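Report on the following structure.
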RNA sequence: GGGGCUGUAGCUCAGUGGUUAGAGCAGGGGACUCAUAAUCCCUCGGUCGUGGGUUCGAUCCCCACCGGCCCUACCA
């Protein structure tokens with residue numbers, strides 16, 4: 001048995017949970033579910049990032065303390081994840097005492113190792129961005145984002161000697177070519193390092209809403225610097241060395257492409273500075289882009305077409321939880337940008353879920369009912385579907401191992417197609433009840449049993465529903481993947497029930 | 001301004017320095033009628049962003065340009 005530790009970024013509480021967050025979290029959840037299925041000891045961590053100036057200001061505007069504000073906003077993320085059937089093992093909040101303790105110990109270690117020093121930060125500050133820029137970053141003397149003049153500011157800060165890690169990082173990436181995937185994203189990180197690293201300011205005196213710097217009470221840590229450490233908080237850094245040893249560094253950080261720099265440059269360097277191995281793997285995903293199609297008002301409000309305006313719950317309310325999970329996993333491979341659209345969801349829903357999977361379950365149940373007395377017939381020794389099933393299982397296994405849920409599902413749907421074709425070829429509905437019908441329907445049931453096991457990570461609720469309709473006992477997700485997906489197990493004599501359509505077709509106006 | 005990614009069939013995407021560039025969906029035709037007007041079979045469809053270069057030969061390598069996107073030091 002091996003172990004699998006996967007994380008999402010911790011989401012900034014000032015955002016409302018949106019489809020982008022859901023995309024990342026559903027992928028992490030499916031990956032965790034698959035690893036649990038194969039028997040890995042699994043730790044799936046997500047959470048919320050609750051410090052920083054913007055949170056403090058938002059709390060003030062709303063007339064509550066920062067802690068009260070983050071209590072409210074963090075809860076929205078948990079509600080979204082509950083709704084999407086996300087089975088995280090731990091949900092971290094950066095305002096928790098355990099996180100303060102880990103951050104302080106981790107950064108104290110870096111300080112003790114001599115990688116943190118005090119200096120005066122002079123920089124060009126853009127009021128709109130609330131951030132500093134280097135003179136090279138400016139666009140003709142103006143802020144590159146807002147195009148407005150910047151002002152010279154000065155602040156006394158503690159600095160992290162990121163520049164000291166250029167060579168070590170490059171060497172490390174040379175030795176760990178798969179530390180960041182896909183390769184194009186690794187190249188981005190490496191190019192950035194090669195371009196030269198400068199030390200970074202990691203504390204602030206201007207705000208109080210953060211983790212206090214242990215050796216200088218006037219300062220709190222800059223929000224990103226405390227946020228990254230959450231991956232160590234959850235495994236007990238500073239509190240339980242054995243637990244850290246157990247889970248680190250074999251972690252998989254699932255992140256969006258916009259935060260490559262933090263996870264693939266800063267974070268490995270911070271780990272090195274603290275005397276730890278950098279995280280073994282960062283899997284980068286792209287963005288879901290909204291192509292400009294109109295979203296319904298119930299979906300996103302008047303005139304809104306931005307992805308960040310779409311609440312995951314509005315989607316699950318309209319399409320169901322598992323269809324949205326399926327769409328997010330199937331439609332956009334991890335690593336590239338994808339298109340998000342209601343039309344796309346509808347197409348996946350109707351073709352893959354209603355027509356292929358849902359209809360297959362229905363037609364098999366009907367024919368078993370009419371030709372086999374509603375009971376599963378005995379399974380023959382050989383079947384042409386056995387090879388198809390093996391291909392699907394092998395492909396899916398390797399796809400999940402390689403962070404490619406879309407390929408795992410594609411392979412599963414090939415098996416669904418092969419099962420539909422097998423029924424078509426044999427046309428059991430034309431036959432008189434007897435051994436020929438029994439053989440075909442037993443084969444279809446067996447294929448469906450394996451298909452059900454294969455969709456567990458993506459659609460756990462649907463999988464269990466189908467499992468029960470097939471007359472099978474127990475919790476399909478708890479069965480060992482390798483055993484449950486091998487051909488030749490469907491017991492004879494189980495009661496197969498039809499039930500309502502799993503995925504009623506969505507009518508689309510012409 | 002600097003760095004990086006990307007542009008392949010109507011749509012979403014695979015893919016390879018070398019004979020006729022693939023898949024799914026959509027479109028067209030046929031079969032079937034167990035099933036959620038589902039399914040199955042066949043089929044239409046691309047000067048592989050533009051212009052150069054390297055090469056015996058490029059969609060794939062190099063350069064430029066055009067379009068889209070990310071980062072430029074707190075947006076999955």
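Please determine, by comparing only the residues of the range A:371-391 that are in contact with a helix residue (DSSP H, G or I) (Cβ under 7 Å, 6 or more places away or on another chain) and assigned to a loop (DSSP other than H, G, I, E, B), which one is nearest to residue A:419 (Cα to Cα).
A:383
Just to verify a result, which residue in the range A:350-370, among those that are surrounded by fewer than 21 Cβ atoms within 10 Å (Cβ to Cβ) and touching a helix residue (DSSP H, G or I) at 6+ places or on another chain (Cβ under 6 Å), is farthest from residue A:492 (Cα to Cα)?
Step by step, filter the range A:350-370, then rank; the result is A:356.
Of the residues that make up the range A:9-32, is at least one away from RNA strand B (no atom under 15 Å from the Cβ) and outside the structural domain of residue A:452 (by TED's automatic domain parsing)?
There is at least one residue in the range A:9-32 that is away from RNA strand B (no atom under 15 Å from the Cβ) and outside the structural domain of residue A:452 (by TED's automatic domain parsing).
Residue by residue, here is whether (1) out of contact with any strand residue (DSSP E or B) (no Cβ under 6 Å at 6 or more places or on another chain); (2) under 30 Å from residue A:399 (Cα atoms) holds:
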site	(1), (2)
A:18	yes, yes
A:21	no, yes
A:31	no, yes
A:55	yes, no
A:58	yes, no
A:61	yes, no
A:64	yes, no
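Could you check the range A:204-226 and list, in sequence order, the residues that are at pLDDT 85 or above and touching a helix residue (DSSP H, G or I) at 6+ places or on another chain (Cβ under 8 Å)?
Answer for the range A:204-226, where residues must be at pLDDT 85 or above and touching a helix residue (DSSP H, G or I) at 6+ places or on another chain (Cβ under 8 Å): A:209, A:210, A:211, A:212, A:213, A:214, A:215, A:221, A:226.
In the range A:353-394, how many are within 13 Å of RNA strand B (Cβ to nearest atom) and under 32 Å from the mean Cα position of the chain (by Cα)?
Final tally of qualifying residues: 11.
Restricting to the range A:39-56, and then to whatever is more than 9 Å from RNA strand B (Cβ to nearest atom) and either at pLDDT below 90 or not in a strand (DSSP E or B) (or both), can you tell me which residue is nearest to residue A:486 (Cα to Cα)?
So, considering only residues that are more than 9 Å from RNA strand B (Cβ to nearest atom) and either at pLDDT below 90 or not in a strand (DSSP E or B) (or both), the one nearest to residue A:486 (Cα to Cα) is A:39.
Assigned by TED's automatic domain parsing to the domain that holds residue A:280, within 13 Å of RNA strand B (Cβ to nearest atom) and modelled with pLDDT of 75 or more: does that describe residue A:161?
In short, yes.
So, residue A:235, is that one crowded, with 20+ Cβ neighbours inside 10 Å, assigned by TED's automatic domain parsing to the domain that holds residue A:98 and either more than 9 Å from RNA strand B (Cβ to nearest atom) or not in a loop (DSSP other than H, G, I, E, B) (or both) or not?
Yes, satisfied.
Can you tell me how many residues within the range A:315-340 are more than 19 Å from the chain's Cα centre (by Cα) and either surrounded by fewer than 20 Cβ atoms within 10 Å (Cβ to Cβ) or not in a helix (DSSP H, G or I) (or both)?
Qualifying residue count for the region: 2.
Looking at A:76, A:36, which one is part of a helix (DSSP H, G or I) and either within 13 Å of RNA strand B (Cβ to nearest atom) or closer than 30 Å to residue A:453 by Cβ (or both)?
Every option except A:36 fails the conditions.
The values are calculated or read from the model by the stated rules, or taken from the named source; none is laboratory data. Source: prediction; values computed, not measured. Heads up, the Cβs are rebuilt from the backbone with ideal geometry, glycines too, and the neighbour counts pull from every protein chain shown.
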